[in-house]
Amino acid sequence: MLQLFLWHYKCLDGNADAVEFCTHEPYHNVLAAATYKLQEGDRPSRASSILLFDVNADVGRFDLFYHVETAGIFDFKWSPVGCNGNVGQCLLKLMLMVT
């Protein structure tokens, strides 16, 4: 029987639209999440953000280390090309794909 448990949670600043762990060594601990908020009414608008978390289930770590506001994100993928040992390059490639 499969047993699931909640070891940590975060309240995000909007609805989670996309969530994905980094596919590159040594950054498999980096979790990217995209959120969005829609404001309806007389002046409709949307707001989105990209959040990066450092995740380590062995020690219970789930720490936000990067947050940027954007106009709108509907999906993202980590770059299939390596990051040359720099998570900043992975992030830049991720952001270039979604903006």
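Of the strands (runs of 3 or more DSSP E) lying entirely inside the chain, those containing at least 3 residues that are at pLDDT 70 or above and among the hydroxyl-bearing types (Ser, Thr, Tyr) span 45-56. I'd like to verify a number: residues in the stretch 15-55 that are surrounded by fewer than 16 Cβ atoms within 10 Å (Cβ to Cβ) and among the small types (Gly, Ala, Ser), how many? Residues that pass the stated criteria total 4.
The values are calculated or read from the model by the stated rules, or taken from the named source; none is laboratory data. Quantities reported herein were computed from a predicted structural model and do not represent experimental measurements. Cβ sites come from the backbone with ideal geometry, for glycine too, and all protein chains shown count toward neighbours.
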